[in-house]
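Quick notes on the structure that follows.
The values are calculated or read from the model by the stated rules, or taken from the named source; none is laboratory data. Not measured: the values here are computed from a predicted model. We place every Cβ from the backbone using ideal geometry, glycine too, and count neighbours over all the protein chains shown.
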Amino acid sequence: MTTIQFTETTTSTLDQFVAALTDFRPGRAKIFANSHDDYLKVHDEGPGYAEVPSCLNLSDAP
């Protein structure tokens, strides 16, 4: 499993951030502009996590 670490300043709480990060319902691009509903496929999800492969082939991206 890949681990990604980054630092950012936000007014969101940790719970709000994790909720947005793991929410793959339609409309995700309203929060994350580089996300597109058409190429996100959720394989597994639960409280605080989601398993979603990245779109590695850019020719598949909308």
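State all residues of segment 14-62 that are at pLDDT below 85, surrounded by fewer than 12 Cβ atoms within 10 Å (Cβ to Cβ) and in a helix (DSSP H, G or I); if no residue qualifies, say none.
Passing the criteria: Asp38, Leu58, Ser59, Asp60.
So, of the residues in segment 24-52 that are charged (D, E, K, R) and in contact with a strand residue (DSSP E or B) (Cβ under 8 Å, 6 or more places away or on another chain), which turns out to be nearest to Thr2 (Cα to Cα)?
Glu51
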